[in-house]
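> Take a look at the following structure, please.
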Amino acid sequence: MKEEHSIRALCLALEVSASGYYDWHHSKTSLRRLEDEQLKEKIQRIHRDSRQTYGAPRIQMHLRQQGQRHGRNRIARLMRQQGVFGRQNKRYRLRTTDSHHDEPIAPNRLAMAPAATRPNQIWAADITYVGTAQGWVYVAAIVDLYSRRVVGWAVSQQINTALVLSALNMALCHRQPAAGLIFHSDRGVQYASLEYRRALQMAQLLASMSRKANCYDNAMMEAFWSTLKVELIYRREFDNQTQVRQALFEYIEVFYNRHRLHSALGYRTPAGFENN
């Protein structure tokens, strides 16, 4: 109506004073502005605690878990005003899978298995890389497909069987799974080696491998690497392997497993999802 009639004419028709209307309008605007400033502080704190990785959806869910309901568009607007942004994608790709070997290939048991309903039913493993001033550093990780929790990981300057065995030994030590767990990986020579196959057999794990040149068969690991690189690796420069290991420990053990909200888990943490 303000587009068709002046404020003064509307006040006259409604039998209210123009000064009273303006006082009410200014007080309402001031209250909204005050609420926005308070919300900005909360957004800044949540964003900082998330290692500057959360966008509007996760910040909204974090606030909701604290009993505070705010629209996602409002949160996004306040983030833009402060120059606060969620994670942003980048950059290169190095091949880490050498599937040209004569070692035995395990069947793709993951494709035939039902979705995990509890921890330690299905694990997925893979290798990625991190650039440092001293050259490439390789990272092996194992993720529990039920909770998205990283259960084992290792770092080395060599992309070999010892690297993936180190991650497996961490996972076995921490989780002590029952016999029959499906262990899924790509067809890389590290996972197909005699030494690794023996380690899986001794732990009574069932080896499973992706189809040839099909990254979608190990999509959960691809998603984890994407998250890790965008939220940690691409945000800083590393001098050496020691710095990479320290950063991964802080990210995986302190933040990712215990504090990072996962949309696929109903905006819960991997540790919280397992506990529930």
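The values are calculated or read from the model by the stated rules, or taken from the named source; none is laboratory data. No experiment lies behind these values; they were computed from the predicted model shown. Cβ placement follows ideal geometry from the backbone for every residue including glycine, while neighbour counts extend to all protein chains displayed.
> Name every residue in the range 175-189 that is outside any strand (DSSP E or B) and at pLDDT 95 or above, in order of residue number.
Quick first cut of the range 175-189, residues outside any strand (DSSP E or B) only: 175-181, 186-189.
Across the range 175-189, the qualifying residues are Arg175, Gln176, Pro177, Ala178, Ala179, Gly180, Leu181.
> Could you list, ordered by first residue, the pairs with Cβ atoms under 6 Å in which the first is in the range 247-276 and within 15 Å of Gln60 (Cα to Cα) and the second is of a type outside the set (A, V, I, L, M) and not in a loop (DSSP other than H, G, I, E, B), at least 6 apart or interchain?
Leu261/Arg58
> A further question on this structure: Taking Arg211, is it among the basic types (Lys, Arg) and at pLDDT 95 or above? Before you say what the answer is, go through the steps one by one.
Details: among the basic types (Lys, Arg): yes; at pLDDT 95 or above: no.
In short, no.
> With respect to the numbered conditions (1) in contact with a helix residue (DSSP H, G or I) (Cβ under 9 Å, 6 or more places away or on another chain); (2) assigned to a helix (DSSP H, G or I); (3) of a type in the set (Lys, Arg); (4) at pLDDT below 60, which one is the sole condition not fulfilled by Lys28?
(1)
Table: residues versus (1) out of contact with any Ser or Thr (no Cβ under 8 Å at 6 or more places or on another chain); (2) modelled with pLDDT under 80.
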site	(1), (2)
Glu35	yes, yes
Gln52	yes, yes
Gln60	yes, no
Gln88	yes, yes
Leu94	yes, yes
Asp98	yes, yes
Asp102	yes, yes
Pro107	no, no
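> While we're on this one: Quick check on the range 249-270. Is at least one of its residues touching a helix residue (DSSP H, G or I) at 6+ places or on another chain (Cβ under 7 Å) and among the charged types (D, E, K, R)?
yes
> In the range 190-276, which helices (runs of 4 or more DSSP H) lie fully inside it and hold 2 or more residues that are surrounded by fewer than 18 Cβ atoms within 10 Å (Cβ to Cβ) and within 11 Å of the chain's Cα centre (by Cα)? Break it down into steps so the answer makes sense when it comes.
Values: elements: 194-202, 219-231, 241-249, 270-275.
Result: 219-231.
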